[in-house]
1. Please go through (1) touching a helix residue (DSSP H, G or I) at 6+ places or on another chain (Cβ under 9 Å); (2) at pLDDT below 85; (3) farther than 29 Å from R174 by Cα; (4) part of a helix (DSSP H, G or I) for L123 and return the number of the only condition it doesn't satisfy.
2. Tally time: how many residues in region 179-193 are of a type in the set (A, V, I, L, M, F, W, C) and open to solvent by less than 10 Å² (accessible area, probe 1.4 Å)?
3. Among the residues of region 110-120 satisfying the criterion of being in a loop (DSSP other than H, G, I, E, B) and open to solvent by 80 Å² or more (accessible area, probe 1.4 Å), which is nearest to Q13 (Cα to Cα)?
4. Give just the number: which of (1) buried (at least 16 other Cβ atoms within 10 Å of the Cβ); (2) touching a helix residue (DSSP H, G or I) at 6+ places or on another chain (Cβ under 9 Å); (3) not aromatic (F, W, Y) does S158 not satisfy?
5. Take region 33-51 and flag every residue that is surrounded by 15 or more Cβ atoms within 10 Å (Cβ to Cβ) and among the aliphatic types (A, V, I, L, M).
6. Within region 161-171, work out how many residues are open to solvent by less than 40 Å² (accessible area, probe 1.4 Å) and either modelled with pLDDT under 90 or of a type in the set (D, E) (or both).
7. Out of the residues in region 1-32 that are under 30 Å from Y57 (Cβ atoms), of a type in the set (S, T, N, Q) and in a helix (DSSP H, G or I), state the one that is most open to solvent (accessible area, probe 1.4 Å).
8. Looking at region 139-146, is at least one residue part of a strand (DSSP E or B), in contact with a strand residue (DSSP E or B) (Cβ under 7 Å, 6 or more places away or on another chain) and either at pLDDT below 90 or open to solvent by 70 Å² or more (accessible area, probe 1.4 Å) (or both)?
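The values are calculated or read from the model by the stated rules, or taken from the named source; none is laboratory data. None of these values were measured; they are calculated from a predicted model. Because the Cβ atoms are built from the backbone with ideal geometry, glycine has one as well, and the counts that use them run over all protein chains shown. In case anyone asks, the SASA skips ligands and DNA or RNA and just uses the protein heavy atoms, side chains included. Shrake-Rupley method; radii C 1.70, N 1.55, O 1.52, S 1.80 Å.
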Amino acid sequence: MVILPVNLLISYQSNVLSVLVNVILGVFSAPTLLLAFGALLGSAMEWQVFAGACDLYLSGLLGIIDTLCKLARKIPFAELWGKPCAWQVVVYVIITLYTVVMLTIRRKNHVPISFPRYFLSFLIAIVVLSNNPFYSNTISMLYVGQGECIVIRTGMHSAIMVDCGSSSQDDIARYTVLPFLKASGIKKIDTLFMTHSDSDHSNGIQWLLKNGDSSCLRIENLCLQICDFLEYF
C-alpha cells in the first residue's frame, strides 16, 4: 500500500492484488528456498535422485506462484494504469496514514476494530489515486522519430490510434507507445488504423497485437486496406 503511488509514478502501472499475492507467496518462500538449496546440494554431491526430486517439487511451487501472478493480472479492476497528479498522491498518503494511525491506536488500547470501515478507507484512497483526468477528444501526436503514431482519446480508458511505427527508433511500441498509454490510463484501443504498410507506420503494430494481452491492453478493431492486409500478414 505504501509503494503503490511510487509504482504508478515510475512505471504507470500497479496491481492492487499484489498485496494479497505477496501474503500468499510468503507461505511458499521457505519451502522454495529449501528446495533450491537442496537441488544445489544434490547437484554438487551428485545425488541425482535427491536433486531431481527437489527440482520437481521446486518447479511445481514456481508454477503455482506464476499462476497466482497471472490470475491477479487478468482481473480488470485490479490492474491500475495512469500517472497520478501531485494532489492525488497527497490525498492518498493522508488517507493511508490516517487509517494506519487509527488502527495502531485502537490496537494498543484494545478497542474493537471495524475492518470493513478501514477497508473502505483504503478503497477510497485507491480510487482517488487511480482516477485519471478525463481527456475526451484529445489528440496526442507521439514523438517516434521518422514515423507516425497518433492517439485520439475517446473516453476515460479508451482511444483510437492511427499508425504505430518508426524507421529511426527501435521498439517504439514497447518503449514509447505503451508507456504513454499506461501513463494516460488508456487500457483499450477501440480501433487501430494502419494507413499503409511501410515500416515507419506499421512496425509497432505487430508488437502491440502480439503483446497487448500480456500487457493488459485490449485492441478491439484493426482497420487496414485489403492490399496491405495481404502484404502485412
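1. Here L123 meets the rest and fails (1).
2. 4
3. P112
4. The single condition S158 does not satisfy is (2).
5. Selection gives L35, A36, A39, A51.
6. Of the residues in that region, 1 qualify.
7. Only one residue tops the list, namely N22.
8. Yes; the residues of region 139-146 include at least one that is part of a strand (DSSP E or B), in contact with a strand residue (DSSP E or B) (Cβ under 7 Å, 6 or more places away or on another chain) and either at pLDDT below 90 or open to solvent by 70 Å² or more (accessible area, probe 1.4 Å) (or both).
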